[in-house]
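J.: One structure, pasted below without further comment.
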Amino acid sequence: MSSPDPQVRAARNLTDPSPENAPEEKRPRAPRNGGPVVAVTGAATGIGELLTAHLAASDAIKQVIAIDERRGEVSEATWHILDVRDPAIAEKLRGADVVVHLALDLDLETDPAARTAYNVRGTQTVLTAAAAVGVHRVVLCTSAMVYGALADNDVPLSEDAELRATAEATGVGDLLEIERLGRRAPRAHPGLNVTVVRPTVLVGGTDTALTRYFESPRLLVVAGSRPTWQFCHVEDLVTALEYAALEKIDGEFAVGCDGWLEQEEVEELSGVRRMELPSAVALGAAARLHRIGLTPSPAGDLAYTMHPWVVSVSRLHDVGWRPKWTNEEVLGALLEEVEGRHTLAGRRLGRKDATAAGAAGATVALLGAAAVVRRARKARRRI
């Protein structure tokens, strides 16, 4: 799933050179005789790039069509350069059997309205275009966050559990709308199959409110909460998406490590101590800090570090898929990845800021900053 910056998109070269004019190293391979033709959107970066490379190397795939706003590095794929919101994508999908739609913007720093416009419009366009040219399957990738993080959740949740998330966390409203579009599409376009893949806490070159949680000098724990952690390494997500593309599994299913870790296990494995705050203080501060623009994460993100939302991955197990990574291994990889980064209340700090702020004192400083701004606003209103 990509996170395209609008300014970067504007600067990209959107030309689409034909394969015969492409440099030798960029020419697509000759199609194989067997297997499906799979199109991947968001193919130049992130998970899309990993999946494109994985499918291009697979003997089970006849051809890979790669779609993005710039040409990626997988030379074996056939590249088409355009925005997924462009209706012209229909012609680029012609001949594909399956589309894996990964062109999503879930960047914490993106303007929420722009992010929603890109994600929802892009998904609508891909589903409509795929149906128009006879693609028989579209694979959407959302998140297990759509189940919602609630105190009364079963541990683990069944994959067919009710989706009880709200739009209060970063990007979750977009994901819920994408799933709604996916459910409606087969009714509007008979013959189109939509498969939905829901990864748990995704790790491996990702930047989310949940990975930033582990960049803090102390792990914030809300008093009385019951955090549980279930991770998904991007390598396991890629193989699960391959299963969907090869039609080994359909419908809606979760992907992640087997089992989960309790908060105490996370603290022991990471060596990072907790900082416990009352619920009213933590949620109130998070809401204020986001409202005044000091942090990118809304208060809704905090629920996913408070309440359980781990989910069974039995549907993948039933078709023979197994994760290569354990929760402990993914947590270790995440800690290596974020080493040297400093985040407080979802806000990245530079080295100088982090050194000056200290550990718990930095959170206090942020809370103090929010209070100062609040007092200043009240003073202005009185004038």
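J.: Here are some residues: Pro186, Pro190. Which one is part of a loop (DSSP other than H, G, I, E, B), open to solvent by 30 Å² or more (accessible area, probe 1.4 Å) and at pLDDT 95 or above?
T.: Numbers: Pro186 fails: part of a loop (DSSP other than H, G, I, E, B).
Checking each option against the conditions leaves just Pro190.
J.: Kindly establish whether Gly300 is part of a helix (DSSP H, G or I), closer than 20 Å to Leu175 by Cα and at pLDDT below 95.
T.: Considered against the rule, which asks whether it is part of a helix (DSSP H, G or I), closer than 20 Å to Leu175 by Cα and at pLDDT below 95, Gly300 comes out as yes.
J.: Additional query: Anything in segment 57-71 that is surrounded by 21 or more Cβ atoms within 10 Å (Cβ to Cβ) and either in a helix (DSSP H, G or I) or under 24 Å from the mean Cα position of the chain (by Cα) (or both)? List them, or say none.
T.: So the first thing to find is which residues in segment 57-71 are surrounded by 21 or more Cβ atoms within 10 Å (Cβ to Cβ), and the list is 61, 63-69, 71.
Hits for segment 57-71 are Val64, Ile65, Ala66, Ile67, Asp68, Glu69, Arg71.
J.: For residues that are of a type in the set (Asp, Glu), surrounded by 17 or more Cβ atoms within 10 Å (Cβ to Cβ) and at pLDDT below 95, tally how many sit in segment 80-131.
T.: Total meeting the criteria: 1.
J.: State which residue is modelled with the highest pLDDT when the search covers only segment 200-221 and only residues that are of a type outside the set (Val, Ile, Thr) and assigned to a loop (DSSP other than H, G, I, E, B).
T.: Gly204
J.: Go through (1) modelled with pLDDT of 90 or more; (2) buried (at least 18 other Cβ atoms within 10 Å of the Cβ); (3) in a helix (DSSP H, G or I); (4) not charged (D, E, K, R) and name the single condition Pro308 misses.
T.: Result: Pro308 fails condition (3) only.
J.: Now for a separate question. Pairs only if they're at least six apart or on different chains, beta carbon under 8 angstrom, first in segment 255-270 and touching a residue at least 24 places away in the same chain (Cβ under 8 Å) and part of a loop (DSSP other than H, G, I, E, B), second acidic (Asp, Glu) and crowded, with 21+ Cβ neighbours inside 10 Å; list them, first residue then second.
T.: As it stands, the answer is Gly256/Asp236; Cys257/Asp236, since those pairs meet every condition given.
J.: Going by what's in this entry, would Ala56 be described as within 17 Å of Arg137 (Cβ to Cβ) and touching a residue at least 24 places away in the same chain (Cβ under 8 Å)?
T.: Here the answer is no, as Ala56 does not meet what is asked.
J.: In addition: Where the second residue is modelled with pLDDT of 95 or more and the first is among the charged types (D, E, K, R) and lies in segment 129-147, which pairs have Cβ atoms under 6 Å and are six or more apart or on separate chains?
T.: Pairs that qualify, where the first residue is among the charged types (D, E, K, R) and the partner is modelled with pLDDT of 95 or more, are Arg137/Val98; Arg137/Asn193.
J.: Now, a different point. Of the numbered conditions (1) of a type in the set (Gly, Ala, Ser); (2) over 27 Å from Pro298 (Cα atoms); (3) open to solvent by 20 Å² or more (accessible area, probe 1.4 Å), Ala167 satisfies every one except a single condition; which is it?
T.: Evaluating Ala167 over (1) of a type in the set (Gly, Ala, Ser); (2) over 27 Å from Pro298 (Cα atoms); (3) open to solvent by 20 Å² or more (accessible area, probe 1.4 Å) leaves (2) as the failure.
J.: Let me ask something else. Taking segment 271-297, which residues are in a loop (DSSP other than H, G, I, E, B), touching a residue at least 60 places away in the same chain (Cβ under 8 Å) and over 25 Å from the mean Cα position of the chain (by Cα)? It would help to see each step written out before you state the result.
T.: As a first pass, look at segment 271-297 and keep what is in a loop (DSSP other than H, G, I, E, B): 271-273, 278, 292-297.
Narrowing the set further to residues that are touching a residue at least 60 places away in the same chain (Cβ under 8 Å) leaves 292, 294-297.
Within segment 271-297, just Ile292 meets the criteria.
J.: While we're looking at this one, here's another question. Which one of Leu289, Leu294, Leu237, Leu241 is at pLDDT below 95, crowded, with 23+ Cβ neighbours inside 10 Å and farther than 19 Å from Ala151 by Cα? Steps first, answer last, please.
T.: On the way: Leu294 fails: crowded, with 23+ Cβ neighbours inside 10 Å; Leu237 fails: at pLDDT below 95; Leu241 fails: at pLDDT below 95.
None of the others qualify; the one that does is Leu289.
J.: Next question. Please go through segment 81-121 and pick out each residue that is under 17 Å from His189 (Cβ atoms) and either acidic (Asp, Glu) or touching a Lys or Arg at 6+ places or on another chain (Cβ under 6 Å) (or both).
T.: The first filter runs over segment 81-121 and keeps only residues under 17 Å from His189 (Cβ atoms), leaving 87, 89-90, 93-94, 96-99, 101.
Hits for segment 81-121 are Asp97, Val98.
The values are calculated or read from the model by the stated rules, or taken from the named source; none is laboratory data. Please read these numbers as outputs of a predicted model, since none were measured by experiment. Reconstructed Cβ throughout: ideal geometry from the backbone, glycine too, with neighbour counts over all protein chains shown. Quick note on the areas: whole protein, heavy atoms, side chains included, nothing else; ligands and nucleic acids left out. Shrake-Rupley method; radii C 1.70, N 1.55, O 1.52, S 1.80 Å.
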